[in-house]
Amino acid sequence: MLVRIGLPAGLEQFVFSFGLGAFIWFVAKYGTAANAAYGVGVDILALSFLLGLGFSIAASTLVGQHLGAGDPAGAERAGWRALWLSMSVMSAFGALLVGFAEPIIRALNVDDPETIRLTIAFMWCLGSVQPLMAVEFTLGGALRGAGDTRFPLFAVFTGLVGARIGGAVLVWHVFEAPVEWIYAALIPDYILKAVLLTWRFRSGRWKTVLPTGEPGAAWP
């Protein structure tokens, strides 16, 4: 049982690390300014990631507790409540960062005009998907709390590897477009993951993945 639940979760982290490394490789192909802009943008948005992680842990805990107590309806309510709260908080934070992108960047002593320009472009891309990122964090955590660890793995692989890395390949190799389009490849990634995870949670099939501690039939 531990292997059945833990292995997909471990593979998800491997896929995430691989996909992120591949994405950074594509960004680095565009030179120092593009790579520096990506790093500065991620550092600025790190607080948003921490907020999302907090809601993920909360959703996972509450859903698991309700299911363990034989209250699947309560588990569903807890998941949706955590989602709306995380979307509200992360959307507000994302809007703040997008609206004040340039002053925030300059406050970090970034003075190269090209790096500033590219960092703003990256922050606009990542800031615009904060509500979708909230879906990934929160509903992904809720599904893991229910023992449904295989579907988040499927969603991450489809979105990160299929959409983001696939998009980066098209931008860099096929269309030879500017690096801003590489940054924009993360948008379909988060859209796809949000759609998949929302569908899965709304379907309610996660409630019967481990109905009595035995493997369920809720995949995919």
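Could you tell me whether segment 145-156 includes any residue that is more than 18 Å from Val15 (Cα to Cα) and part of a helix (DSSP H, G or I)? Yes, some residue in segment 145-156 is more than 18 Å from Val15 (Cα to Cα) and part of a helix (DSSP H, G or I).
Of all residues in segment 66-84, those being under 10 Å from Ala146 (Cα atoms) and either outside any helix (DSSP H, G or I) or out of contact with any helix residue (DSSP H, G or I) (no Cβ under 8 Å at 6 or more places or on another chain) (or both) number 1.
Take the conditions over 25 Å from Gly74 (Cβ atoms), touching a residue at least 40 places away in the same chain (Cβ under 8 Å) and in a helix (DSSP H, G or I) and apply them to Ala121. Does it pass? The answer is yes for Ala121.
When Ala92, Ala73 are screened for being without any contact (Cβ under 8 Å) to a residue 40 or more places away in the chain, under 30 Å from Glu114 (Cα atoms) and surrounded by fewer than 16 Cβ atoms within 10 Å (Cβ to Cβ), only Ala92 passes. Across segment 124-137, a minimum of one residue is classified as at pLDDT 95 or above, part of a helix (DSSP H, G or I) and of a type in the set (Asp, Glu).
Among the residues of segment 1-41, the ones that are within 30 Å of Ser88 (Cα to Cα), among the β-branched types (Val, Ile, Thr) and without any contact (Cβ under 8 Å) to a residue 60 or more places away in the chain come to 1 in all. Might you let me know whether segment 95-118 holds any residue that is in a helix (DSSP H, G or I), exposed (fewer than 13 other Cβ atoms within 10 Å of the Cβ) and of a type in the set (A, V, I, L, M, F, W, C)? Checked against the condition, which is being in a helix (DSSP H, G or I), exposed (fewer than 13 other Cβ atoms within 10 Å of the Cβ) and of a type in the set (A, V, I, L, M, F, W, C), segment 95-118 yields at least one hit.
Filtered by the rule that a residue be surrounded by fewer than 20 Cβ atoms within 10 Å (Cβ to Cβ) and free of Cβ contacts under 8 Å to residues at least 60 places away in the same chain, segment 132-162 gives Thr158, Gly162.
Considering only residues in segment 167-200 that are acidic (Asp, Glu) and free of Cβ contacts under 8 Å to residues at least 40 places away in the same chain, the one that is farthest from Arg117 (Cα to Cα) turns out to be Asp189.
The values are calculated or read from the model by the stated rules, or taken from the named source; none is laboratory data. The structure presented is a predicted model; accordingly, all values stated were derived computationally and were not measured. No Cβ is skipped: glycine too gets one built from the backbone with ideal geometry, and neighbour counts run over all protein chains shown.
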